[in-house]
Amino acid sequence: MSWLPIYNAWVVMVGIVSMFLWELEGVLVFVFIVLISLWFLAKESLYTLKHFITGFWIFILSEVVAFGTLFVLCLNSEEEFVVPLSHFNELPLLGCFLLTGSSITITTYHQEYGTAYCWLYLLATIILGSGFILLQLYEFYDSWCDITFCYYQGVCFATVGLHFMHVMGGLIAMTTMLCCGEKGVSRTNVDCVVWYWHFVDYVWLFVFLIIYIS
């Protein structure tokens, strides 16, 4: 029996209460304990002997539904004279190059898995993904509006923020793989992490097209 479900429920409660009360300190605590939760979740999952691929694909399907709902809301709630969070050919375009590059490196790592230097491609993927995280943090800081500006901007922030959290989760999983080495992680878990990262990359392309260009 795992202690993570109880811990994660407490984490979500702290985050929801902090956001409703608009307590920045509570939100920062929430972000910190989420990172701890994701680390142990990734570590526990990677060391588990039994794996259920069907459950992984059901998880991906649920993510498709969540992002699809937000994309529909973005398209149907766009208001006149409202500009995107950032200009599409500035930070978002650079983010496309970073995630596209990470998709290439993670694919190379997947193909070269088991060779002496395959970990270098995984490290390159982590570096590119971390660069994307820093880029989005700067974009949020530099943005002229926030989640309370209007309904459309709120949905856009929710979509970009949800993708941001998925990138962080993927980075934690890949960092765990890098630290544990090939002997500490089964090939099944490696496949799931690689597929998950490709999913994150593809979602960003839709985010770029729908939120920043349309």
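The values are calculated or read from the model by the stated rules, or taken from the named source; none is laboratory data. On a predicted model such as this, the values are computed, not experimentally measured, just so you know. In this analysis, Cβ positions are derived from the backbone assuming ideal geometry, glycine residues included, and neighbour counts consider all displayed protein chains. Heads up: the accessible areas ignore ligands, DNA and RNA and are worked out on the full protein's heavy atoms, side chains in. Shrake-Rupley method; radii C 1.70, N 1.55, O 1.52, S 1.80 Å.
Numbers below:
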item	result
Packing rank of 189-198, 65-74, where each peptide gets the mean count of other beta carbons within 10 Å, highest leading	189-198, 65-74
Computed label-point distance, nm, for sites THR69 and TRP39 using a 7 Å Cα→Cβ extension	3.1
Potential lengthening between LEU205 and CYS118 on full extension [0.36 nm per residue; Cα-Cα distance subtracted]	28.7 nm
FRET efficiency, 1/(1 + (r/R0)^6) with R0 25 Å, evaluated for LEU162 and ILE58 via beta carbons	0.85
Ranked packing of 176-187, 159-170, most packed first, by mean Cβ within 10 Å	159-170, 176-187
Charged-residue dipole, Cβ positions (Lys, Arg, Asp, Glu), region 49-213 about Cα centre, Debye nearest 20	720
Area projected by the alpha carbon convex hull of region 49-213, averaged over all directions, nm²	9.8
Whole-number percent relative contact order across region 111-214, with pairs defined as alpha carbons under 8 Å at least 6 apart	29
Residues of region 49-213: accessible area per residue with a 1.4 Å probe, Å²	52
